[in-house]
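The next block holds one structure in the form of structure tokens; read it before the comments.
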Amino acid sequence: MATRLIPALNRILVEKIVPSSKTTSGIILPEKLNKLNSGKVVAVGPGARDRDGKLIPVSLKEGDVVLLPEYGGTEVKLGDKEYHLFRDDDILGTLHN
Amino acid sequence: MATRLIPALNRILVEKIVPSSKTTSGIILPEKLNKLNSGKVVAVGPGARDRDGKLIPVSLKEGDVVLLPEYGGTEVKLGDKEYHLFRDDDILGTLHN
Amino acid sequence: MATRLIPALNRILVEKIVPSSKTTSGIILPEKLNKLNSGKVVAVGPGARDRDGKLIPVSLKEGDVVLLPEYGGTEVKLGDKEYHLFRDDDILGTLHN
Amino acid sequence: MATRLIPALNRILVEKIVPSSKTTSGIILPEKLNKLNSGKVVAVGPGARDRDGKLIPVSLKEGDVVLLPEYGGTEVKLGDKEYHLFRDDDILGTLHN
Amino acid sequence: MATRLIPALNRILVEKIVPSSKTTSGIILPEKLNKLNSGKVVAVGPGARDRDGKLIPVSLKEGDVVLLPEYGGTEVKLGDKEYHLFRDDDILGTLHN
Amino acid sequence: MATRLIPALNRILVEKIVPSSKTTSGIILPEKLNKLNSGKVVAVGPGARDRDGKLIPVSLKEGDVVLLPEYGGTEVKLGDKEYHLFRDDDILGTLHN
Amino acid sequence: MATRLIPALNRILVEKIVPSSKTTSGIILPEKLNKLNSGKVVAVGPGARDRDGKLIPVSLKEGDVVLLPEYGGTEVKLGDKEYHLFRDDDILGTLHN
């Protein structure tokens, strides 16, 4: 049974981050604070081809924490884990502390 | 009666993999685990032409195990076998153990 | 009365193959086996122009046996024969024994 | 009163051929035989410009007998004659005996 | 009060020709003969830019008598005169005696 | 409070001209004469980028009197003045006496 | 918990300016005066790729005060602050005193 997916073209595979309701030191976060729809990049495709057939690499890399669009993304189950597949240019940005 | 199809342009011919309900050692897999919509590439087209008429080869090859989109694909019966025809860029990615 | 058509641009003229219900040696084929929507190419256009006006030849040639899309194609009657006109890139692939 | 039209860009002016119900030697043609929607090219435009502004000449010429699409075409009355204006790439092909 | 308009980009300004119901020698024209939707070009724009920003001049010039499409065109009143503004590539062709 | 706007890309800022109902010498203009939807250009953007990223300057300049399309335009209030924002290629033409 | 977002491609992050109902010297502004839908740019993406894969930098920079379109923009909550994400070419212009 397949447990690894290499996304095609400019697709990227993301594992959604379930917002924790407490800070690391245990303080309960107000509900409205942790509503960020984000995820971690686990695999990226080689990139899409421009009109001249030249490959344009994906702008994100494994390990990036990204802000996801409200809609879209294809659900993919590999083994017992759930991932989502997005196109590189659907990602809104990278998140940093 | 034709038994072989060479896909045109950037189309690829896929034989769908029917997810087995048991592991190789016979353990019954929980139903939700083996829902992957996947298939094996049995033939690929020469590729599509970019705007300058240059041929851009297909990014997949015979034998690749691929993750298929939920919708789309044209059903093709050759002899008593059933295949599906996709466009190269509809394929979500390649699956690996 | 015109009996020959040279298709324009990247169009191709196809004579549909009516699937025979028996093998060459007379064995009756199960109905579901011979449902292939195919045809023989009888004429091809010169090709379409890319954005720079350069002619991109059609990828099919007279005599090719082709797999036709489920829909589309323009019916053309020449003399007492019936043909169908397709665009080159609508053809799904070429069929071989 | 204007009696001549030079089509603009890649348009062509066509005079529809009314299918005759008899062969030249007077034999009455079965009705289904002469349903071809065809016409004669009476004038062609200079051609359209590609994205670099370069003129791409029309692929048809005065005198060509052409197969017309089922729909489309703009009716134009010049003097007491009726013509139809098509875009070059709407024409399905050229007809020959 | 403005009485002159220089059309922008590839627009052209046209004064519609009201079809006269008599020939120059006074003979009354059958109604169906003079239904031509035509006009005279009174001003043309500099032209549109192609994708590389290069200006592609308009293919028509002041004084041309043109065949107008059935629909479209923006009505413009300058002083007490009524004109219509079209895009260059909407014009069907030039009319000649 | 902001009182000046530099339009982005190929947008232009226009102050609509309210048609006066009298000529400069005081003669009352017939109502139908002064219905021209026009305005004065007060600011222009740097221009839009073509597909190669090259900047294509706006074809209009501050002070031009322009004919506005019947629809479109974004209303912008700066201080107590009302302006309208258009794309350069929406403007129908420049008006002159 | 992420508190900083680097927008992807040609997106920009904007903090909306809540129009104050008084001038700096305390005079109450008439309600209709301060209806400007504006914001301050807090982060910009690297830019989008043109068709040849070349990066076209964003035309705005951090600190710019911008006029926002009436609709569009994606709401993003970082920590307890609310921002909006726009595409570079959706911004109507930059505001200046």
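The values are calculated or read from the model by the stated rules, or taken from the named source; none is laboratory data. For clarity, every value in this text was computed on a predicted model and none was experimentally measured. We place every Cβ from the backbone using ideal geometry, glycine too, and count neighbours over all the protein chains shown. These area figures cover heavy atoms from the full protein model, side chains too; ligands, DNA and RNA do not enter into them. Shrake-Rupley method; radii C 1.70, N 1.55, O 1.52, S 1.80 Å.
Go through segment G:55-73 and give me each residue that's among the β-branched types (Val, Ile, Thr) and within 10 Å of the chain's Cα centre (by Cα).
Here is the first cut: in segment G:55-73, the ones among the β-branched types (Val, Ile, Thr) are G:56, G:58, G:65-66.
Within segment G:55-73, G:Val65, G:Val66 qualify.
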Of all residues making up segment A:57-93, the number that are under 15 Å from G:Thr74 (Cα atoms) and either assigned to a loop (DSSP other than H, G, I, E, B) or hydroxyl-bearing (Ser, Thr, Tyr) (or both): 7
Residue, nearest to the other protein chains (Cβ to nearest Cβ), within segment E:61-87, restricted to residues that are within 19 Å of D:Ile12 (Cα to Cα) and open to solvent by less than 20 Å² (accessible area, probe 1.4 Å): E:Leu67
Qualifying positions in segment G:74-87 - within 9 Å of the chain's Cα centre (by Cα) and closer than 24 Å to F:His84 by Cβ: G:His84, G:Phe86
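For every residue, the table says whether it meets (1) at pLDDT below 95; (2) open to solvent by less than 70 Å² (accessible area, probe 1.4 Å); (3) within 16 Å of the chain's Cα centre (by Cα).
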{"position": "F:Met1", "(1), (2), (3)": "yes, no, no"}
{"position": "F:Pro19", "(1), (2), (3)": "yes, yes, yes"}
{"position": "F:Leu33", "(1), (2), (3)": "yes, yes, no"}
{"position": "F:Asn37", "(1), (2), (3)": "yes, yes, yes"}
{"position": "F:Val41", "(1), (2), (3)": "no, yes, yes"}
{"position": "F:Gly45", "(1), (2), (3)": "no, yes, yes"}
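Would you pick out the residues in segment A:63-85 that are within 13 Å of A:Val42 (Cα to Cα) and among the charged types (D, E, K, R)?
First, pick out the residues of segment A:63-85 that are within 13 Å of A:Val42 (Cα to Cα): A:63-66, A:76, A:78, A:81-85.
Residues satisfying the conditions are A:Asp64, A:Lys81, A:Glu82.
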Residue list for segment D:47-56, restricted to those being facing another protein chain (nearest Cβ under 7 Å) and either part of a strand (DSSP E or B) or modelled with pLDDT of 80 or more (or both): D:Arg49, D:Asp50, D:Lys54, D:Ile56
